[in-house]
Amino acid sequence: MTRGVRLLIVCEGQTEANFVSHCLAPTLAQQNVWARPSLLKTKPGQQGGGDVTLPRIGKHLANEFPNWDYLTTLVDLYGFSDRQNRSQPELEEAIRNEAIRHRPELVSARIIPYVQQYEFEALLFSDVRHFEWVLDGWTQKTERDLQTIANDYETPEHINDHPSTAPSKRLEKVFGGIYRKTEHGPIIAEEIGIEVIRRSCPGFDRWISQLEKLGDSSSTQT
């Protein structure tokens, strides 16, 4: 019987960390993958969103590498300050390479970088009805506006990352600042459910499938 694998998920901010704890970890535990979030260290002495860079992610992964069987990331494509026009796959490869630069002996197969396209908030457009949890801002008009946005794109992950039309910016416009990411985001995601999000967001689904397969191994890689 496998003891399972220990997985660290390096998160951009508290919203993503709460999402991991309350939504992802219970799902992955069913496959013997024991996941825990870790807040990315950004500016000196600070943790959480803002100023996400490859060197900071690489260093964080390298420092945590000896303590875990596998490591992955949950950071937004939109939020990278040193993205330099890289695509999502290019940025994920750059994360792995940066971790190896900090720790050359690192086993690359144990690092599974994931960058959400384009933001965590995109996942919430999988079922806009659950924005009802933004109690002070929920009306028939906000529901219609959110559904119109969702209908305009092939998947929630296609909602673009322009400074005025990224998923978070659209929520700011619809709710007039009432929506608060750290307060509402994890609740809405939990109410939607991982399976609905996976059906709506193929990139996210591929990542979760990768993580679930880690539990198939009865021993950790060395």
Inset, instruction - Output yes when any residue across the range 81-90 is open to solvent by less than 30 Å² (accessible area, probe 1.4 Å) and within 22 Å of G203 (Cα to Cα), and no when none is. - result: no
Legend entry - Near pairs, Cβ below 9 angstrom, 6+ apart or cross-chain, from the range 168-181 (more than 10 Å from D136 (Cβ to Cβ)) to any residue that is in a helix (DSSP H, G or I) and open to solvent by 70 Å² or more (accessible area, probe 1.4 Å): V174/K141; K181/Q14
Legend entry - Contacts under 7 angstrom Cβ, first residue in the range 58-73 being without any contact (Cβ under 8 Å) to a residue 60 or more places away in the chain, partner assigned to a loop (DSSP other than H, G, I, E, B) and open to solvent by 20 Å² or more (accessible area, probe 1.4 Å), 6 or more apart: A62/R103; F65/R103
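The values are calculated or read from the model by the stated rules, or taken from the named source; none is laboratory data. Remember, it's a predicted structure, so these values are computed and weren't measured experimentally. Positions of Cβ are generated from backbone atoms using ideal geometry, with glycine treated the same way; all protein chains shown enter the neighbour counts. Side chains are part of the model used for accessible areas, which takes the heavy atoms of the whole protein and leaves out ligands, DNA and RNA. Shrake-Rupley method; radii C 1.70, N 1.55, O 1.52, S 1.80 Å.
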